[in-house]
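A short write-up of the structure that comes next.
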Amino acid sequence: MKSILFIGGDKRNLYLSKLYHKELRAYTYLLDNNDGDLKSCIDMSQYIVLPIPFSIDDLNVYSPLSAENLKIEELIKNLKGKTIICGGLKQSYVEIFEKNNNRIIDVMKYEELALNNAIPTAEGIIKIIIENTEITIDNSNIAIIGFGRVGKKVASMLNALNANIYAYDIKKDEVANIAFCGYNVLKDIGRSVAKMDVIINTVPQKIINEDCLKYINKETLIIDVSSKPGGVDLNYASKNGFNVIHALGIPGKIAPKTSAMYIKNVIDNILK
């Protein structure tokens, strides 16, 4: 029987471990309990599932459900010759793990998971808007930067709530999609976002920079859902009183049970 170890992570990994306990020899470390010390858990397992994100501080493995910490260097020292299942792992860590004769599989590169994750991400964005503004979504002006998977899904949901949708993308085909969907096309993210109630960034590049922020009203809620370092100049924004929320890992916070099922579908295919 195949064996799998879940190390740290949020409730997604906790749900995953419980699902796999019914199907495989599944072990946990730095979740609700440890099934042994780190070395023995690794030795017992063929597949190692790392947390998403892997680390917040680049010192410790991300393990919010455990009172213990695990240094990344300690994990690297013990993790050799295994198949590692991860999500969005930095290339520098990929290279280190591969030097230890590990095989790396990044589930976030699977289109199926990326599409599914757009759903809880979009729902989470709506939750953030409701909790952090004093206006209705109905008839509000909302700009969406990046018309990819998440941009399309959140635009559709916000449109159903009667928001006025404005979207921006540098790709010509996506600009055409914005117009085709009946949304307003933003030609830039400077003056054109000045009157927005909410700005949602999905682009993992410093696109909302100092020059752009100078046009934005400080009462405007800016939600950045892009991966680190994010798409907003957070240093300038925080120093100058802009209302910015960098919302990372939304699927694991909003719908960990559903998100775990999405990940499990991908892992099941990997195990086959």
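The values are calculated or read from the model by the stated rules, or taken from the named source; none is laboratory data. Because the structure is predicted, anything quoted here is derived from the model rather than measured. FYI the Cβ positions are ideal-geometry reconstructions off the backbone, even for glycines, and counts take in every protein chain you see.
Restricting Ile52, Ile56 to those that are touching a residue at least 60 places away in the same chain (Cβ under 8 Å) and part of a loop (DSSP other than H, G, I, E, B) reduces the list to Ile52.
Of note, Tyr166 does not satisfy the criterion of being out of contact with any Gly (no Cβ under 8 Å at 6 or more places or on another chain), of a type in the set (Phe, Trp, Tyr) and over 19 Å from Val225 (Cβ atoms).
From the list Ile208, Ile263, Ile267, the lone residue that is β-branched (Val, Ile, Thr) and either assigned by TED's automatic domain parsing to the domain that holds Ile144 or surrounded by fewer than 20 Cβ atoms within 10 Å (Cβ to Cβ) (or both) is Ile208. Hey, can you tell me all the residues within the range 66-75 that are at pLDDT 95 or above and either closer than 22 Å to Leu24 by Cβ or acidic (Asp, Glu) (or both)? Listed by number, the residues that qualify are Glu73, Glu74, Leu75. Please go through (1) out of contact with any Ser or Thr (no Cβ under 8 Å at 6 or more places or on another chain); (2) surrounded by fewer than 21 Cβ atoms within 10 Å (Cβ to Cβ) for Ile200 and return the number of the only condition it doesn't satisfy. With respect to (1) out of contact with any Ser or Thr (no Cβ under 8 Å at 6 or more places or on another chain); (2) surrounded by fewer than 21 Cβ atoms within 10 Å (Cβ to Cβ), Ile200 is out only on (2).
One line per residue, one yes/no per condition, for (1) assigned to a loop (DSSP other than H, G, I, E, B); (2) of a type outside the set (A, V, I, L, M); (3) free of Cβ contacts under 8 Å to residues at least 12 places away in the same chain; (4) within 19 Å of Asn201 (Cα to Cα):
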residue: Ile85; (1), (2), (3), (4): no, no, no, no
residue: Ser92; (1), (2), (3), (4): no, yes, yes, no
residue: Phe97; (1), (2), (3), (4): no, yes, no, no
residue: Ile137; (1), (2), (3), (4): yes, no, no, yes
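For the range 139-176, the set of residues classified as assigned to a loop (DSSP other than H, G, I, E, B) and more than 28 Å from Arg12 (Cα to Cα) consists of Asn139, Ser140, Leu161, Asn162, Ala163, Asp169, Ile170, Lys171, listed by residue number. Might you check whether a residue that is of a type in the set (Asp, Glu), part of a loop (DSSP other than H, G, I, E, B) and touching a residue at least 24 places away in the same chain (Cβ under 8 Å) occurs anywhere in the range 194-212? Yes, because at least one residue in the range 194-212 is of a type in the set (Asp, Glu), part of a loop (DSSP other than H, G, I, E, B) and touching a residue at least 24 places away in the same chain (Cβ under 8 Å). Listed by first and then second residue, the pairs with beta-carbon distance under 7 Å, at least 6 apart or on different chains, first residue in the range 219-235 and closer than 9 Å to Pro204 by Cβ and not assigned by TED's automatic domain parsing to the domain that holds Asn117, second basic (Lys, Arg) and not in a strand (DSSP E or B), form an empty list.
Would you check if there is a residue in the range 33-42 being outside any helix (DSSP H, G or I), surrounded by 13 or more Cβ atoms within 10 Å (Cβ to Cβ) and in contact (Cβ under 8 Å) with a residue 40 or more places away in the chain? Write out each step before concluding.
Looking only at the range 33-42, we keep the residues that are outside any helix (DSSP H, G or I), and these are 33-37.
Checking which are surrounded by 13 or more Cβ atoms within 10 Å (Cβ to Cβ) leaves us with 34-36.
Retained after the next criterion (residues that are in contact (Cβ under 8 Å) with a residue 40 or more places away in the chain): none.
No, the range 33-42 contains no residue that is outside any helix (DSSP H, G or I), surrounded by 13 or more Cβ atoms within 10 Å (Cβ to Cβ) and in contact (Cβ under 8 Å) with a residue 40 or more places away in the chain.
One line per residue, one yes/no per condition, for (1) surrounded by fewer than 15 Cβ atoms within 10 Å (Cβ to Cβ); (2) on the phi > 0 side of the Ramachandran plot; (3) under 16 Å from the mean Cα position of the chain (by Cα):
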{"position": "Pro229", "(1), (2), (3)": "yes, no, yes"}
{"position": "Ser238", "(1), (2), (3)": "yes, no, no"}
{"position": "Gly241", "(1), (2), (3)": "yes, yes, no"}
{"position": "Ile245", "(1), (2), (3)": "no, no, yes"}
{"position": "Pro251", "(1), (2), (3)": "no, no, yes"}
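Are any of the residues in the range 65-80 in a helix (DSSP H, G or I) and outside the structural domain of Asp10 (by TED's automatic domain parsing)? Checked against the condition, which is being in a helix (DSSP H, G or I) and outside the structural domain of Asp10 (by TED's automatic domain parsing), the range 65-80 yields no hits at all.
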